[in-house]
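The values are calculated or read from the model by the stated rules, or taken from the named source; none is laboratory data. Everything numeric in this text was worked out from a predicted model, so none of it was measured. Reconstructed Cβ throughout: ideal geometry from the backbone, glycine too, with neighbour counts over all protein chains shown.
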């Protein structure tokens, strides 16, 4: 592709007078990508998350051994070596294979929590911000009640009531994760509720439901995406904490928190049993934090083009 073609496409994307909605959307996406790609740490976070997705998708191919079965007689608590890169646990299972398959459960938790909690928070926040009055007061006081408790303690209470298991852990974490999203959505709604854009839609006869769903919620999406991405690290740590306490994924599932719990007995002599899943949690959490910081800078409408 010639330099002239590339330059013409760039000028088309950066046009101050787009000829269509598609051109305007592509232009905004291009500007956001330029801001994001200029941040090297954010790009590193993106690479970490892409690596996590690849490892989870091809775990069956990448894992050298079974994640649930091991040689209890001949391979128990082996140190890291060429045969077992991360060593083996107390049941003779290859820790590298368990860490690789554990990435699937990590993605399972964070994706389901985001799918459940983000829409709830978005709906509660936009309705409260647009309706105002007693509806706003009731919804925000409910939100304050959830925010008054530490997330892990509240999740423990819900899991204790629902019973241990990965599905119940996801539900408990989702129930405790939506209040910050509601706060953000409400703040965004209050800033645009009295704008000329919304008043023009009201004059056209749009119902409050349509205004909230079609015009206010899309304006809150970018801020919500940034907050959800930044919260992924906390979600992973909460899920690992529940697994560590035996209330999350149950054996023999290779969940990272449960792996740390099973390895805490050998942490002084066979440190790799708990160290490998702990390092995996550290790297993935760092990746989500770096990605969230980059998205926050890239999607901030107050930032100028760099």
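Assorted remarks:
- In the set (1) closer than 16 Å to residue 56 by Cβ; (2) modelled with pLDDT under 90; (3) in a helix (DSSP H, G or I), the condition left unmet by residue 254 is number (3).
- Scanning region 145-201 for residues that are in contact (Cβ under 8 Å) with a residue 60 or more places away in the chain, under 19 Å from residue 246 (Cβ atoms) and not in a helix (DSSP H, G or I) yields 164, 165.
- Residue match in region 254-262 (condition: crowded, with 19+ Cβ neighbours inside 10 Å and more than 30 Å from residue 79 (Cβ to Cβ)): no
- Residue in region 282-292 that is more than 17 Å from the chain's Cα centre (by Cα), in a helix (DSSP H, G or I) and either at pLDDT below 85 or closer than 18 Å to residue 238 by Cα (or both) present: no
- Set 130, 181: member being crowded, with 17+ Cβ neighbours inside 10 Å, touching a helix residue (DSSP H, G or I) at 6+ places or on another chain (Cβ under 8 Å) and within 30 Å of residue 281 (Cβ to Cβ): 181
- Given (1) within 29 Å of residue 78 (Cβ to Cβ); (2) surrounded by fewer than 18 Cβ atoms within 10 Å (Cβ to Cβ); (3) modelled with pLDDT of 85 or more, number of the condition residue 190 does not satisfy: (1)
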